[in-house]
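> A single structure is presented below for examination.
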Amino acid sequence: MIDQYAMAQRGPSSAGPPSCRGPRLPVRADAVRFLVLLVVFVCAACGLVYELELVALGSYLIGDSVTQASVVLSVMVFAMGIGSLLAKRLRSRAAVGFGLVESVLALVGGMSALALYASFAWLGESRGAIVAFSLAIGVLTGAEIPLLMTLIQRVSRQDAGAAVADLFAADYVGALVGGLAFPFLLLPWLGQLTAAMVTGGVNVVAGGALVLWLFGRDLSPRARTLLLVADVLVLAVLATAAATVGEFERAARTAVYGSGVRVAVHTSVQEIVLTGGTRGPLDLYLDGRLRVSARDEYRYDEGLVHPAMRGPHARVLVLGGGDGLAAREALRYRDVRSVTVVDIDAGVERLARTDPALSVLNGHAYRDPRLHAVTGDAFTWLRRAEQGSGPGPFDVVVCDLPDPGITSSSKLYSQEFYGLAARALAPGGRLVVHAGPLGRRVRAFWTVDATLRAAGFRTTPYRATGPADGFAGGPDRAKRAGRGRADAEDWGFLLAARGTDAP
């Protein structure tokens, strides 16, 4: 490699066949090295965005975030090894090989979110597509480093060990930036579909610029034309898809939720969809899961709240329940002095206040001066309340939380969480917990019961049932509109009190 570098510095008139000479560079070799490392940084950031996009979509479309993350990460790491091996065949044409790899990667990664959502919306299944995209993106990502290693050694005096160290340092820093940019910038500003397309555009521009500008003089006219046409086509496809993503999302939502979609918003926490309310019963979906059905939501909310109100109930705490429906039931009692609602998503609260159908359904609970709304994570809020910054203690704590089978809600069913809730209770206070469908997930229900007992509570289990047709509001529902019957027709609850108090 040092001999090749020396030949490159002597110019194109050096002796030896073209394949043995270094590339003819438009800038100094040290500047090229810096630019190659910069492209490594950008490509690593893009690669991690693709990876996180697949994990996020897998969790949203299928559920069980731990399983989806494990599948995507393991398949991609395996595929990266395959890509590294396949890249050995391209080392003799590293520049054109890297350019083509980046073009294909930008197209596959940039369109992956749209393709997965389309698969789910119109085919009703996306597991196979997630594995296929994970495999394809992993193979292409794995081919990057070997090809870039070849390019950087052609223009640098570094030995292989130092070059590898520089490449991996740039790669890891790029991965850090991409990993932080996805949840804090790309997802809230652009949404999942557009974020992937923009990332693909950045990817193809970075890869194409590196090859066509820095190493283009050593490419044949045919190779330069091929790369330029490929990059332009990829950019055109991504730009067209980004321009029509709004229409696509509307069509996909119609396929998933039916034709009655009135509101569809992406918050920093989740996707919120409202259907019906003007024509037909109101349905509220959170990340595709039916959270409220006006057909019979009262069965869930009355079953959750009223048993806990049999006793002192002047001060009530609702954890979750930003839709205002559990608060509505608590506010029915005239001797309730205050109801505090702690929900993580301000978007749900905003709709509960302003949407005509939802605000009517919750009895305009947010207009009641006794209700105090807090936006925040229930676990964190209880911890701060324990330190004296909250309005407790409370006579009743209502845990109107996501289904315990959803991985992201696991901490809200932990012994630590119940310990914090116990310290928020006044003497003689009661806690009620939605613990999942007793009929279908018996083990999960009794696990929640055992956790409550381990936290020092005495418990009384009970259940509420929905109608036989399966329409049922509440967090047990995993049905997506148009996908057949609901998978829950009952709700299991646990009424709990501390120590020797009777629940």
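The values are calculated or read from the model by the stated rules, or taken from the named source; none is laboratory data. These numbers were taken from a predicted model, which means no experiment stands behind them. Using ideal geometry, Cβ is built from the backbone for each residue, glycine included, and neighbour counts are taken over all protein chains shown.
> Has the stretch 259-274 got at least one residue that is closer than 26 Å to D490 by Cα, in contact with a Phe, Trp or Tyr (Cβ under 9 Å, 6 or more places away or on another chain) and free of Cβ contacts under 8 Å to residues at least 60 places away in the same chain?
Yes, that holds for at least one residue.
> Okay, moving on. Test each condition in (1) out of contact with any helix residue (DSSP H, G or I) (no Cβ under 8 Å at 6 or more places or on another chain); (2) among the basic types (K, R); (3) at pLDDT 95 or above for R485 and report the one that comes out false.
(3)
> Can you spot a residue in the stretch 172-191 that is touching a strand residue (DSSP E or B) at 6+ places or on another chain (Cβ under 6 Å), in contact (Cβ under 8 Å) with a residue 40 or more places away in the chain and surrounded by fewer than 19 Cβ atoms within 10 Å (Cβ to Cβ)?
Scanning the stretch 172-191 turns up at least one residue that is touching a strand residue (DSSP E or B) at 6+ places or on another chain (Cβ under 6 Å), in contact (Cβ under 8 Å) with a residue 40 or more places away in the chain and surrounded by fewer than 19 Cβ atoms within 10 Å (Cβ to Cβ).
> Limited to the stretch 120-144, what total is found for residues that are in contact (Cβ under 8 Å) with a residue 60 or more places away in the chain and surrounded by fewer than 21 Cβ atoms within 10 Å (Cβ to Cβ)?
Qualifying residue count, the stretch 120-144: 5.
> Still on this structure, I have one more. I'd like to know if the stretch 453-464 contains one or more residues that are of a type in the set (V, I, T) and modelled with pLDDT of 70 or more.
Yes, the stretch 453-464 contains at least one residue that is of a type in the set (V, I, T) and modelled with pLDDT of 70 or more.
> Would you please name the residue that is farthest from the chain's Cα centre (by Cα), looking only at residues in the stretch 173-217 that are more than 23 Å from S112 (Cα to Cα), assigned to a helix (DSSP H, G or I) and not aliphatic (A, V, I, L, M)?
Residue satisfying both the conditions and the ranking: R217.
> Condition test on R463, is it in contact with a helix residue (DSSP H, G or I) (Cβ under 6 Å, 6 or more places away or on another chain), under 26 Å from V339 (Cβ atoms) and among the basic types (K, R)?
Numbers: in contact with a helix residue (DSSP H, G or I) (Cβ under 6 Å, 6 or more places away or on another chain): no; under 26 Å from V339 (Cβ atoms): yes; among the basic types (K, R): yes.
No, not satisfied.
> Whether any residue in the stretch 247-256 is assigned by TED's automatic domain parsing to the domain that holds V49, among the β-branched types (V, I, T) and within 23 Å of the chain's Cα centre (by Cα) is what I want to check.
No; the residues of the stretch 247-256 include none that is assigned by TED's automatic domain parsing to the domain that holds V49, among the β-branched types (V, I, T) and within 23 Å of the chain's Cα centre (by Cα).
> Restricting the stretch 88-125 to residues that are among the charged types (D, E, K, R) and over 19 Å from V72 (Cα atoms), which is modelled with the highest pLDDT?
So the first thing to find is which residues in the stretch 88-125 are among the charged types (D, E, K, R), and the list is 88-89, 91, 93, 102, 125.
So of that shortlist, the ones also over 19 Å from V72 (Cα atoms) come out as 88-89, 91, 93, 102.
Working: K88: 90, R89: 89, R91: 85, R93: 89, E102: 96.
It comes out as E102.
> Still on this structure: Mind counting the residues in the stretch 60-76 that are within 12 Å of the chain's Cα centre (by Cα) and closer than 18 Å to G109 by Cβ?
So the answer is 4.
> Across the stretch 401-455, what is the number of residues that are in a helix (DSSP H, G or I) and not acidic (D, E)?
Counting residues in the stretch 401-455 that are in a helix (DSSP H, G or I) and not acidic (D, E) gives 28.
> Which is modelled with pLDDT under 95, touching a strand residue (DSSP E or B) at 6+ places or on another chain (Cβ under 9 Å), of a type outside the set (G, A, S) and closer than 20 Å to W122 by Cα, of V263, V245, V256?
V256
> Just the residues that are in a loop (DSSP other than H, G, I, E, B) and over 25 Å from A422 (Cα atoms), please, taken from the stretch 361-380.
N362, G363, H364, D368, P369, listed by residue number.
> Please work out which residue is nearest to G58 (Cα to Cα), limiting yourself to the stretch 157-171 and to residues that are over 27 Å from the mean Cα position of the chain (by Cα) and crowded, with 20+ Cβ neighbours inside 10 Å.
Taking the candidates together, the pick is L167.
> Given the conditions (1) part of a strand (DSSP E or B); (2) free of Cβ contacts under 8 Å to residues at least 24 places away in the same chain, report the number of the one that G280 does not fulfil.
It is condition (1) that G280 fails.
> Next up: Cβ-Cβ below 6 Å, separation at least six or inter-chain, first residue in the stretch 315-328 and under 16 Å from D355 (Cβ atoms) and assigned by TED's automatic domain parsing to the domain that holds G363, second of a type in the set (F, W, Y) and buried (at least 24 other Cβ atoms within 10 Å of the Cβ): which pairs?
Here the result reads none, with nothing in the stretch 315-328 linked to a residue that is of a type in the set (F, W, Y) and buried (at least 24 other Cβ atoms within 10 Å of the Cβ).
> Quick check on my filter: what residues within the stretch 421-459 are more than 10 Å from A496 (Cα to Cα), surrounded by fewer than 19 Cβ atoms within 10 Å (Cβ to Cβ) and more than 33 Å from the chain's Cα centre (by Cα)?
Answer for the stretch 421-459, where residues must be more than 10 Å from A496 (Cα to Cα), surrounded by fewer than 19 Cβ atoms within 10 Å (Cβ to Cβ) and more than 33 Å from the chain's Cα centre (by Cα): A426, P427, G428.
> Being touching a Leu at 6+ places or on another chain (Cβ under 7 Å), closer than 18 Å to S70 by Cα and among the hydrophobic types (A, V, I, L, M, F, W, C) is true for just one of L148, L116, L135. Which residue is that?
Step by step, each of L148, L116, L135 is checked, and only L116 is touching a Leu at 6+ places or on another chain (Cβ under 7 Å), closer than 18 Å to S70 by Cα and among the hydrophobic types (A, V, I, L, M, F, W, C).
> Residues in the stretch 64-71: is at least one buried (at least 21 other Cβ atoms within 10 Å of the Cβ) and either under 18 Å from T141 (Cα atoms) or among the aromatic types (F, W, Y) (or both)?
There is no residue in the stretch 64-71 that is buried (at least 21 other Cβ atoms within 10 Å of the Cβ) and either under 18 Å from T141 (Cα atoms) or among the aromatic types (F, W, Y) (or both).
> For the stretch 315-339, what are the residues that are under 29 Å from the mean Cα position of the chain (by Cα) and buried (at least 24 other Cβ atoms within 10 Å of the Cβ)? Break it down stepwise before answering.
Our first condition is that a residue be under 29 Å from the mean Cα position of the chain (by Cα); within the stretch 315-339, this holds for 317-327.
Those that are under 29 Å from the mean Cα position of the chain (by Cα) and buried (at least 24 other Cβ atoms within 10 Å of the Cβ): L317, V318, L319, G321, G322, D323, G324, L325, A326, A327.
> Could you please let me know if V348 is buried (at least 21 other Cβ atoms within 10 Å of the Cβ) and under 20 Å from the mean Cα position of the chain (by Cα)? Before you say what the answer is, go through the steps one by one.
Details: buried (at least 21 other Cβ atoms within 10 Å of the Cβ): yes; under 20 Å from the mean Cα position of the chain (by Cα): yes.
For V348, the condition - buried (at least 21 other Cβ atoms within 10 Å of the Cβ) and under 20 Å from the mean Cα position of the chain (by Cα) - is met.
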